[in-house]
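First up is the structure itself, then whatever we jot down about it.
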Amino acid sequence: MARYHGMHSIQNRLFLLLFSSMMTLLILVSFLYYQKTTQIIHSKISDLAEKNVSQTVGLFDLLLEGYDSVTKSLNSNYELTRLLKEADNEKNINVSVMNERAITNIIGAAYFSRDDIVGIHVMTNGGKLYNYERRFAGLVNQDYTSADWYSKLKNSKGEMVWLGLMKGSVINSMLPEPVFVFGRQLFDLNNYKPVGIVLIEADPNPILSALSNASISPNSRVFIVDKNNGVIASTDKNQDDLSMEPTGEPQAVPSFNGLPRPKGNEIVVDNKTNHLIVAAKTAVAEWTVFGLTPKSDISEELVQTRLYLLAVIIAVILLSTMLATLISRNISSPLKLLIREMKQVELGNFRGAVNVKSFEEINSLVSSFNRMVHRIDELIERITLSSISEKNAELQALQSQVNPHFLYNTLDMIYWMLDERENDRLGRVILSLSHMFRYSSDWEEASKTTLRQELEQMRHYMTIIENRLVGRVSTEIQVDNIWLDAIVPKMTIQPVIENAVKSGLEPLDRPGLLRVSTIADEEANELRIVIEDNGVGIHEEELKKLQAMLEDSSPGRNYNAAQQGRGRRGIGLPNVHRRIVLMYGEPYGLRISSESGKGTTIIIAIPLPAIGGKTGDEHINRR
């Protein structure tokens, strides 16, 4: 029993097998679960970032369209453009004051059209300035004409110029609060000549609020960038043009040169760097909204998933160890008892039995072993009897060859006597009969022959029948030459032909035809030898009995009992069927179909041999 212990024992091997299987499955499932969870979280965050940026761009478009409509309303105001043209040339002070008041009223109407406008400033080509502001109105930096924003507006062609988010008013130093600045050059719509410039400063909170809406984590940063990569607005307080690489200090504004730019209304999502980058383009201005989220923020959401997964793995490992130990013991204990009893049987002790209560399969195995042990003596006795029977059958076959030898010589003598008297017809009959006796009694080649020899035996038989029933029976043989070497059981065709002649053609009141042909069915892997006659056929009830007799003659049935009470007609066909099934297996054998008054068809089905060769050996003697 010592050899059952150690790593080679069935208990330890089962334990290792079960434990390793559970661990493999656990690792695989954990890996797939973590991968899928990571993929889902990243996908959801990407979708969320894309959705937020898309909404932010939509808000910007609505906001900028509103600002654009304010400037267009001023440019399309005929009275304003007229007053601006006259303002530079007017010499009368009273008229100038009245014009200034009228211009201020028009600007004030535009100012109060929106709540987020901080101030509106209109400058004529002659240098006159008209303002409308919340507070400190009229306090203007006198050197504004040298400012960069003024040059941009002056050089524009009437299109909207978005100057971006400024830390304070660009024209009034008394307003230090951040403002969003934009404007356009005003033109006389009659001759399309510039008459001045309008500069509007708006509250930046709507833009900053929309930018904040695009953030998906505390460290997310959102930028509005123009076509020259200039930052218009940002959620980042530090807007110096530095690298994207994180440092120990507050994060810097990234460089936008290498970042993806969307085309049209598309939204670009880039996952290739250490940031999740989402970019979308506004429709009103040539701006691009960039949302940058560090991937480290995204990974933080996976921390809880990792901890939960680790706890589950530890718990499953402990549970797997206990289950593997329990199952391996339950399986190995009865098997050890079974092995011990098998050693007793090996020593020749057939009296023992194993009694265990375990899994259903093990109980079934033990029961089968017990039955096997009790039947070994019976099987040995049957084998002994079978061996004795085979020897007796061989002796009988040898003895049966003695008597036919005298019969062959006698038939040959009669044939030569008829030949001397020139009785050719009776001579052919005697010669055919002699060949038939020789063929049917020669079993030295075992029980197998070829289709060619079977057809030759059939021709000898039909020679006798055609001479006996002159003009009443004719034969057609349509067999492909490639199947002539197919292996068939000996005496297969002749009993079928004899049955067809005696039961189908002899009682016929008209000339009878017997046809033999072959059909190769590659799909069913069958070679069918078809024997047809146009005789009287078989009645339906008798046909059913004959088919039942064939079924009863299959191996495993009580063949001898099935033959009791059967007439001579039914003995030959079941014998042929049984020998075919014994040689090739259950799918093959005889198949009978008949219609009373029209004839009978019998099909001999054997395995399809290789073309020009013999039936495969794997079918021979298959049970």
Sorted by chain and number, the residues with a modelled amide H under 5 Å from that of residue 477, at a separation of 5 or more or across chains, are 516
Taking the reciprocal of mean 1/r across every pair of different Cα atoms in segment 47-123, the Kirkwood radius in Å is 14.8
Of the listed pairs 227/263; 85/128; 336/357; 44/281; 72/263; 227/295, those with alpha carbons more than 20 Å apart are 44/281; 72/263; 227/295
Once normalised by the length of segment 271-327, the mean sequence separation of its alpha carbon contacts under 8 Å that are 6 or more apart gives a contact order in percent of 23
Net charge near residue 596 (other residues with Cβ under 12 Å of its Cβ; Lys, Arg +1; Asp, Glu -1) is -3
Result for segment 274-314: accessible area per residue, probe 1.4 angstrom, in square angstrom, of 45
Diffusion coefficient in µm²/s returned for segment 7-158 by Stokes-Einstein, Kirkwood Rh over C-alpha pairs, 25 °C and 0.890 mPa s, is 112
Simple spin-label estimate for residue 333/residue 159, 7 Å along Cα→Cβ, in nm, reads 8.9
With label points set 7 Å from each Cα along the Cα-to-Cβ direction at residue 344 and residue 485, the distance between them in nm comes to 5.8
Here the gain from full extension of residue 509 to residue 304, 0.36 nm per residue of separation minus their alpha-carbon distance, amounts to 64.0 nm
FRET efficiency for residue 100 and residue 51 from the Cβ-Cβ distance with R0 = 51 Å, rounded to 0.05, comes out at 0.55
Taking 0.36 nm per residue of separation between residue 323 and residue 235 and subtracting their Cα-Cα distance, the length gained on full extension comes to 26.0 nm
Rg/Rh over Cα atoms for segment 480-560, Kirkwood Rh, comes to 1.01
Given a Förster distance of 25 Å, the FRET efficiency implied by the Cβ-Cβ spacing of residue 297 and residue 261, rounded to the nearest 0.05, works out to 0.55
The answer for segment 136-237, accessible area per residue at 1.4 Å probe in Å², is 46
In this structure, the FRET efficiency calculated for residue 13 and residue 363 from their beta-carbon separation, with R0 = 30 Å, to the nearest 0.05, is 0.90
With DSSP loop assignment and no more than 12 other C-beta atoms within 10 Å, the chymotrypsin sites (Phe, Trp or Tyr not before Pro) in segment 159-227 are 192
Taking the convex hull of the alpha-carbon atoms of segment 80-163 and averaging its shadow over every direction gives an area in square nanometres of 6.3
Whole-percent carbon and sulfur contribution to the accessible surface of segment 430-548 (1.4 Å, no ligands, DNA or RNA) stands at 48
At q = 0.26 Å⁻¹, the log10 of I(q)/I(0) for segment 57-98 from a Debye sum over equal Cα scatterers comes to -0.84
Each label sits 7 Å from Cα toward the beta-carbon; between residue 38 and residue 476 the label points are separated, in nm, by 7.8
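The values are calculated or read from the model by the stated rules, or taken from the named source; none is laboratory data. Nothing here was measured: the structure is a model prediction, and the numbers come from that model. So basically every Cβ, Gly included, is an ideal-geometry build from the backbone, and we count neighbours across all protein chains shown. Accessible surface is based on the protein model in full, side chains and every heavy atom, while ligands, DNA and RNA are left aside. Shrake-Rupley method; radii C 1.70, N 1.55, O 1.52, S 1.80 Å.
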